[in-house]
């Protein structure tokens, strides 16, 4: 990889990572510098070929990870100043995701990681599918799950927002998704020794429905 990336790109990548370490108060390994440089180099090639990607996660990243997104925006400025190339604003999302993923790896939150794997494994088993872990559909789903688990951990579950009728409609119209959601909730109740609310269960079913649509569209 290093032989195909210019020194200028590596330098600007290092500059962005240094900014991220300050803004996010997190130490990133040198691997992040090179993986980001690889992304920037590839993005430059796409721009030269007039291949512009629309990152569907932009709205989610802006609202769920505002600090990382701000780093992404600043990175676009660095690229413009140092490489004389104007990246589309959507690239801020892709750059932000580099730091989101890097923080998850470095945090070594094994318990939450195991829970995410449990949920994803249950969905794959129930629907007999294999979810692409690099897809945007999966990343969107993972972000929702992380906040879902965070609410359970902090005992701040959503309640009294969803009507019984909505849950009944889900059971009647999307029984397989309803069944999958119920099974995951039963597993989490036992794992966390808690009682997940019907509201949280319904939102989990919505997340499952979305990831299934994403799988079908990819």
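We did not get these values from a lab; they are worked out from the coordinates using the rules stated. On a predicted model such as this, the values are computed, not experimentally measured, just so you know. Cβ coordinates were reconstructed from backbone atoms using ideal geometry, including for glycine residues, and neighbour counts include every protein chain displayed.
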Margin query: Helix-only mean residue ellipticity at 222 nm, the chain, DSSP H runs n ≥ 4 weighted -39,500 (n - 2.57), per residue, nearest 500. What is it?
Written below: -25000 deg cm²/dmol
Next item on the list: Return the distance in nm (one decimal) between the two label points of a simple spin-label model at residue 161 and residue 112, each offset 7 Å from Cα along Cα→Cβ.
Entry: 1.9
Margin query: Starting from the Kirkwood Rh over alpha-carbon pairs, what translational D in µm² s⁻¹ does the stretch 171-218 have by Stokes-Einstein at 4 °C and 1.567 mPa s?
Written below: 115
Note to self: Calculate log10 I(q)/I(0) of the stretch 89-218 for q = 0.20, 0.21 Å⁻¹, where I(q) comes from the Debye formula with a single equal point scatterer on each Cα and nothing for solvent.
What the structure shows: -1.28, -1.38
Check: For residue 26 and residue 85, FRET efficiency with R0 = 30 Å and r from the beta-carbon atoms, rounded to 0.05?
Finding: 0.65
Item checked: Separation of the residue 147 and residue 168 label points, Cα + 7 Å toward Cβ, nm -> 2.9
Next item on the list: Give the peptides 41-47, 168-174, 181-187 in descending order of average Cβ contacts within 10 Å, highest first.
Entry: 181-187, 41-47, 168-174
Margin query: Relative contact order for the chain: what percent, with Cα pairs under 8 Å and sequence separation of 6 or more?
Written below: 17
Next item on the list: Multiply the residue gap between residue 125 and residue 67 by 0.36 nm, knock off their C-alpha separation, and tell me the result in nm, one decimal place.
Entry: 17.3 nm
Checklist line | Nearest-ten-degree value, helix 30-48 long axis tilted from longest Cα axis of the chain | finding: 80
Next item on the list: Select from 129, 152, 206 the residue whose mean-square fluctuation is largest in a Gaussian network model of the chain (Cα-Cα springs shorter than 10 Å).
Entry: 129
Checklist line | All-pairs alpha carbon distance profile, the stretch 2-107, 5 Å steps from 0, percent | finding: 2, 13, 25, 26, 21, 10, 2, 0
Next item on the list: Could you tell me whether the chain comes out rounded, prolate or oblate from its Cα gyration tensor? Rule is a ≥ b ≥ c as square roots of the eigenvalues, rounded for a/c under 1.5, then prolate if a/b exceeds b/c, otherwise oblate.
Entry: prolate
